[in-house]
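For reference, the structure is listed below as structure tokens.
The values are calculated or read from the model by the stated rules, or taken from the named source; none is laboratory data. Source: prediction; values computed, not measured. When we count neighbours, we look across all protein chains shown, and the Cβ atoms used for this are built from the backbone with ideal geometry, even at glycine.
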Amino acid sequence: MALPMVWMRVNGVRRKVLVDTGCTRCIANVHCCEGWRKQRVTVLTVSGEQFSCIGAGEVTLQPPGGGCVTVDVIVSDKRPLDFDFILGMTGVAALGGVAVSKEGKVRFGPMRTEICASVDAKLRIDEKDFLVTYDPAARSWTAAWKWSNGSAPDTLSNRME
């Protein structure tokens, strides 16, 4: 299976992005990031190797069909695994989460499930003290009390116990 990747705008430019939920922070190739600060940063890879980076900065990300978010990044003069940008968990969180399908398709943002219910027939709830019916044509509910002697009292008197 291929690594989860997506084409995404990084600072307005379409870039090849690796989605890496095992990476804590985002890593940007120097060509993706303007105005970064030079500083020595070392990242420990999953294989235990040290990956030296050249600075830190921030970028604006825009996934396909989504809004923009700004994230802090580590800046590298190399392209790890031939990607322009490694989207780590700080970026995943800023984008509202990620889902990767079994085919490797990447989707960002909260996962939504559409739920719809409909009823063609009348609904009827018949309880000891009341009867409720729903008429789908009129889209209305009707409730009727079941009075103990078969008829409603002239005046209702309620009490709390």
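Number of residues in the stretch 22-43 that are free of Cβ contacts under 8 Å to residues at least 60 places away in the same chain and surrounded by fewer than 18 Cβ atoms within 10 Å (Cβ to Cβ): the value is 11.
Of the residues examined, SER101 is not one that is small (Gly, Ala, Ser) and either in contact with a Cys (Cβ under 9 Å, 6 or more places away or on another chain) or assigned by TED's automatic domain parsing to the domain that holds TYR134 (or both). Residue selection: PHE85 fails the criterion of being among the hydrophobic types (A, V, I, L, M, F, W, C), more than 14 Å from VAL17 (Cα to Cα) and touching a strand residue (DSSP E or B) at 6+ places or on another chain (Cβ under 8 Å).
For the condition among the basic types (Lys, Arg), surrounded by fewer than 12 Cβ atoms within 10 Å (Cβ to Cβ) and out of contact with any Phe, Trp or Tyr (no Cβ under 9 Å at 6 or more places or on another chain), ARG9 does not qualify.
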